[in-house]
Structures are given as structure tokens and as C-alpha cells.
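For reference, the structure is listed below as C-alpha cells.
The values are calculated or read from the model by the stated rules, or taken from the named source; none is laboratory data. The structure displayed is predicted, hence computed values, not measured ones. Here the Cβ positions follow ideal geometry from the backbone for every residue, glycine too, while neighbour counts run over all protein chains shown.
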């Protein structure tokens with residue numbers, strides 16, 4: 001079983017739609033959680049951190065469920081510029097390491 | 001400081017040749033990470049430095065791979081006797097503590 005699992009998509013949605021991505025992780029000792037965005041042939045960039053209490057940044061809402069080991073990202077009022085791959089990222093502390101473990105990413109295509 | 005810098009941006013090499021990539025992290029960041037990303041996959045952890053000490057290496061990092069960070073600043077990743085399976089994007093990231101990871105633009109390696 002992969003450490004971080006995501007549906008690879010693609011998710012094709014019209015502009016203005018609401019879309020949700022889910023992610024599960026296997027290591028219950030994981031400490032921190034993030035969503036990264038990656039445009040085609042570019043490096044990943046931090047979109048937002050994810051907290052148990054849920055957090056919102058404009059049209060984006062992230063949620064963590066530690067009991068179910070489940071992370072979600074909701075995008076409201078999708079824009080063409082939201083088209084990208086969204087990577088679920090988990091950080092676990094194993095000894096001195098604090099490496100990022102990425103899912104395969106979920107590809108989003110927003111269309112007119 | 002313009003962020004994490006990686007050189008070269010692209011490298012095409014013949015199978016069997018050695019290649020070396022360089023990463024210059026954000027100057028005050030003491031942690032430096034190398035990741036590899038192939039098409040359709042999320043980045044996979046290769047190795048991690050805290051200052052000049054290499055603290056963890058993935059099993060993905062075969063004997064042909066070596067990474068250094070001699071003065072705790074820039075880092076190099078060398079691949080000896082390249083194989084076609086080494087073709088990938090090699091990403092470097094730096095951070096100050098467990099948060100605020102910043103990725104470079106990556107070095108895209110093509111082995112022919």
C-alpha cells in the first residue's frame with residue numbers, strides 16, 4: 001500500500017464548479033499535512049497547510065480527519081487558472097528526518 | 001535571495017555517462033532535500049541534509065547515486081553510469097525547520 005494515495009483523475013469541470021479532492025495516508029504518526037500545486041513541467045508550490053480544525057484560503061478549503069487518516073481539498077468557483085495537478089503531502093518524523101511524502105497527484109482541468 | 005536555484009535546467013546524456021547537478025538553497029535554510037519525479041508520479045524522496053550532514057537516504061538511491069553538501073550551503077547530486085531509467089526531473093528543496101519547504105525549478109535529465 002502506498003503511503004499517500006490519491007485519485008489521479010483527471011477531473012474535468014466547467015468554470016464555476018465546485019470540485020473536491022481526497023487523499024488517504026497510511027502512517028498514523030504523520031505530523032503535518034499540506035496541499036501542493038504543480039503546473040505542467042514546473043516545480044511543486046505550496047498551496048496550503050491542512051489542520052484538523054479545517055482551514056480556508058479564499059476559494060480553497062482543506063480538512064484533515066486524523067481518525068480516518070484522510071485529507072481533503074475543496075475548490076469553489078473553479079477558474080481556468082486552477083487547472084493543475086494537486087499533490088497531497090504528508091510529513092512524518094522518523095528519527096531526524098522530516099521528509100515530505102507525496103501522493104501521485106490529482107489532475108484538474110477546468111474548462112469554459 | 002531569489003529562492004532555490006538548480007543547475008542545469010536540462011541535461012541530455014548518453015547512457016553510461018556520469019552527470020552532476022547542483023542545488024543552491026535559500027541561504028538561511030539549514031535543511032536540503034533531493035527528490036526525483038517521473039511522469040505521472042509525485043516526487044519521491046531521495047536524500048536529506050541538515051547542514052552538511054546527510055541524515056537519510058532512500059532505498060531509491062542506488063550505489064550509482066551520491067549527494068554532498070560540503071559546507072552546508074550548496075549541494076550536488078551525482079549519478080554515475082547513467083541508465084535510461086534515471087530519466088526524470090530531479091528536484092531540490094530547502095527549509096529552515098519542518099515547514100516552509102521551497103522547491104527549485106528542477107533539473108530535467110534525459111538519458112539516451
_Please determine whether any residue of segment A:41-54 is buried (at least 17 other Cβ atoms within 10 Å of the Cβ) and farther than 18 Å from residue B:93 by Cα._
yes
*Mind checking whether some residue in segment B:61-69 is part of a strand (DSSP E or B) and crowded, with 20+ Cβ neighbours inside 10 Å?*
yes
*Taking strands (runs of 3 or more DSSP E) that do not extend beyond segment B:9-56, which have at least 2 residues that are under 10 Å from the mean Cα position of the chain (by Cα)?*
B:19-24, B:31-37, B:44-50
*Report whether or not residue B:81 is surrounded by fewer than 17 Cβ atoms within 10 Å (Cβ to Cβ) and out of contact with any helix residue (DSSP H, G or I) (no Cβ under 6 Å at 6 or more places or on another chain).*
yes
_Residues that are without any contact (Cβ under 8 Å) to a residue 40 or more places away in the chain, over 18 Å from residue A:2 (Cβ atoms) and either within 12 Å of chain B (Cβ to nearest Cβ) or surrounded by 21 or more Cβ atoms within 10 Å (Cβ to Cβ) (or both): does segment A:76-93 have at least one?_
no
*Please list, ordered by first then second residue, the pairs with beta carbon atoms under 9 Å, 6 or more apart or interchain, first in segment B:5-17 and at positive phi, second modelled with pLDDT under 95.*
none
_With the requirement that a residue be facing chain A (nearest Cβ under 10 Å) and either farther than 19 Å from residue B:74 by Cβ or in contact with a helix residue (DSSP H, G or I) (Cβ under 9 Å, 6 or more places away or on another chain) (or both), what does segment B:2-37 give you?_
B:37
_For the structure I just gave you, tell me whether residue A:70 is touching a strand residue (DSSP E or B) at 6+ places or on another chain (Cβ under 8 Å), closer than 15 Å to residue A:6 by Cα and surrounded by fewer than 21 Cβ atoms within 10 Å (Cβ to Cβ)._
yes
*Using the structure shown, decide if residue B:100 is under 24 Å from residue B:14 (Cβ atoms) and either surrounded by fewer than 21 Cβ atoms within 10 Å (Cβ to Cβ) or at pLDDT 95 or above (or both).*
no
*Does segment B:38-88 hold any residues that are within 14 Å of chain A (Cβ to nearest Cβ), farther than 30 Å from residue A:8 by Cα and either touching a strand residue (DSSP E or B) at 6+ places or on another chain (Cβ under 8 Å) or in contact (Cβ under 8 Å) with a residue 40 or more places away in the chain (or both), and which are they?*
B:49, B:50, B:54, B:55, B:67
